[in-house]
Amino acid sequence: MGKPELTIVLGPTGVGKTDYSIQLAKEYGSPVISCDSRQIFKEMKIGTAPPSPAQLKEVKHYFIFSHSVTEHYTAGKYEIEALALLEELFRTHKRLVMTGGSGLYIDALCKGLDDFPEADQALRKQLTDRVRTDGLESLRRELERIDPESYRAIDTSNPQRVIRAVEVTLQTGRKFSDWKKNRIKSRPFAIRKIGLMRRRDILYDRINRRTDLMMDAGLLAEVRSLAPYRNMPALQTVGYKELFDYLDGKTGLEEAVELIKRNSRRYAKRQLTYWGRDPEIEWLDL
């Protein structure tokens, strides 16, 4: 008997992963296991474009609204929790469906993460405050000085990636790049990756229209309710950062909405670039 199979449906934001994964799950008789680093948070019900209440009733979902933004949730925790869930579900299923747009979470599940030290929350807060007051460029320059290899390898436009690299290096006295052994861990199941894509102009139009629908659904009120937690990593996210700036009086509402659309399109482009390096993905043009 062959190994059980996990099919991972991935792709850029707005491409249509939810609908496709639900149809595939019905075909397989499988639940849907989310692999999204933001839909996991129960307080973020609009801006993360989670499955609708009707879709959640249609097929059982896991890791949707299962944690709180007040928690420090990481890809490492996801790896542990998702593997435990898969072990349980594979006892009664031969094939399972997973879907999400978070490349790091998908890599954590498929390949495993290196054994980094636990986060130093005090140091992280200090570095986060520094980005807020001095700008990301200040921390980028420090990373280039203390760990040039990481500076060249990571996405230095992503504040969380830069903060983490500097944090680990300062915390341990050992370069962040030295912790990355890139040893792939074996899994007791086969993995199939299906990448969804659409023509660029169609994808961008879907993203723009989805942003308008989120605003109509009450995204601004959701963001306002999350203001007390705005410094949590979960909320350093497109759709939330821009509206926090509006609430701070830094932008007008119309400008904030346009920035959400622009930054979502840029995020989609980065996702496609990230997965473009993975030869295991079977691409499907919707």
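Every read-out reported here was derived from the displayed coordinates using simple, explicitly stated rules and does not represent laboratory data. All values derive from a computational prediction rather than experimental measurement. FYI the Cβ positions are ideal-geometry reconstructions off the backbone, even for glycines, and counts take in every protein chain you see.
What is the extension gain from Arg266 to Ile184, computed as 0.36 nm multiplied by their sequence separation minus the C-alpha to C-alpha distance, in nm to one decimal?
26.6 nm
Assign unit charges at the C-beta atoms only (+1 for Lys and Arg, -1 for Asp and Glu), then state the dipole size of the stretch 121-179 relative to its Cα centre in Debye, rounded to the nearest 20.
Using only the charged Cβ atoms, the result is roughly 120 debye.
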Practice task
Would you tally the net charge around Leu56, using a Cβ to Cβ cut-off of less than 15 Å, leaving Leu56 out, and scoring K and R as +1, D and E as -1?
Solution key: +3
Handout entry: Gain upon complete extension [Ala221, Arg199; 0.36 nm per residue less C-alpha separation]
Key = 4.7 nm
Completion exercise
Taking GluC sites (Glu not before Pro) in a DSSP loop with at most 11 other Cβ atoms within 10 angstrom as exposed, one finds the longest site-free stretch of the chain at 119-279
Practice task
Select one label from (1) 23.5, 76; (2) 19.2, 62; (3) 23.5, 72: the one whose number is Rg and Dmax of the Cα atoms in Å as derived from the coordinates shown.
Solution key: (2)
Practice task
Could you list Leu56, Leu24, Leu235 in order of exposure, starting from the residue whose Cβ has the fewest other Cβ atoms within 10 Å?
Solution key: Leu56, Leu24, Leu235
Exercise for the section: Principal axes first, then extents: for the Cα atoms of the stretch 78-171, list largest minus smallest coordinate on each axis, whole Å, largest first. Expected result: 53, 25, 22
Practice task
Output the relative contact order of the stretch 121-179, whole-number percent, from Cα pairs under 8 angstrom with separation of 6+ residues.
Solution key: 34
Problem - 16 Å tail of the calculated P(r), the stretch 121-179, as % of Cα pairs - result: 32
Problem - Filter on Lys125/Lys261; Lys45/Lys77; Lys185/Lys261; Lys60/Lys193; Lys111/Lys250 - keep pairs with C-alpha separation over 32 Å - result: Lys185/Lys261; Lys111/Lys250
Exercise for the section: Calculate the dipole size of the stretch 214-286 relative to its Cα centre from +1 charges on Lys and Arg beta carbons and -1 charges on Asp and Glu beta carbons; express the result in debye to the nearest 20. Expected result: 280
Completion exercise
Normalised per residue, the volume inside the convex hull of the alpha-carbon atoms of the stretch 169-286 in Å³ amounts to 190
Exercise for the section: Can you tell me the relative contact order of the stretch 200-270? Whole percent, Cα pairs under 8 Å, sequence separation 6 or more. Expected result: 34
Handout entry: Which of His67, His72, His61 has the fewest Cβ neighbours within 10 Å, and the rest in rising order
Key = His72, His67, His61
Exercise for the section: Specify the longest stretch of the chain that does not include any exposed loop site, a site being one of the trypsin sites (Lys or Arg not before Pro) with a non-H, G, I, E, B DSSP assignment and at most 10 other Cβ atoms within 10 Å. Expected result: 1-90
Exercise for the section: Find out how many positive minus negative residues lie around Cys110, taking Lys and Arg as positive, Asp and Glu as negative, among other residues whose Cβ is under 11 Å from that of Cys110. Expected result: +1
Handout entry: Neighbour-count order for Thr133, Thr99, fewest beta carbons within 10 angstrom listed first
Key = Thr133, Thr99
Fill in the blank from the handout: A correct Stokes-Einstein calculation for the stretch 1-111, using the alpha-carbon Kirkwood radius, 20 °C and 1.002 mPa s, returns a whole-number D in µm² s⁻¹ of 151
Problem - Net lengthening on full extension, Leu286/Ile80 (0.36 nm per residue, minus Cα-Cα) - result: 70.9 nm
Practice task
Using a Förster distance of 41 angstrom, determine the FRET efficiency expected from the C-beta separation of Leu253 and Glu71, and round it to 0.05.
Solution key: 0.85
Exercise for the section: Report the charge-dipole magnitude of the chain in Debye, nearest 20, computed about the Cα centre from +1 at each Lys and Arg Cβ and -1 at each Asp and Glu Cβ. Expected result: 520
Completion exercise
With the dipole of the chain defined by +1 on each Lys or Arg Cβ and -1 on each Asp or Glu Cβ, the option from Thr211, Phe189, Pro233 whose Cα lies farthest towards the positive pole is Phe189
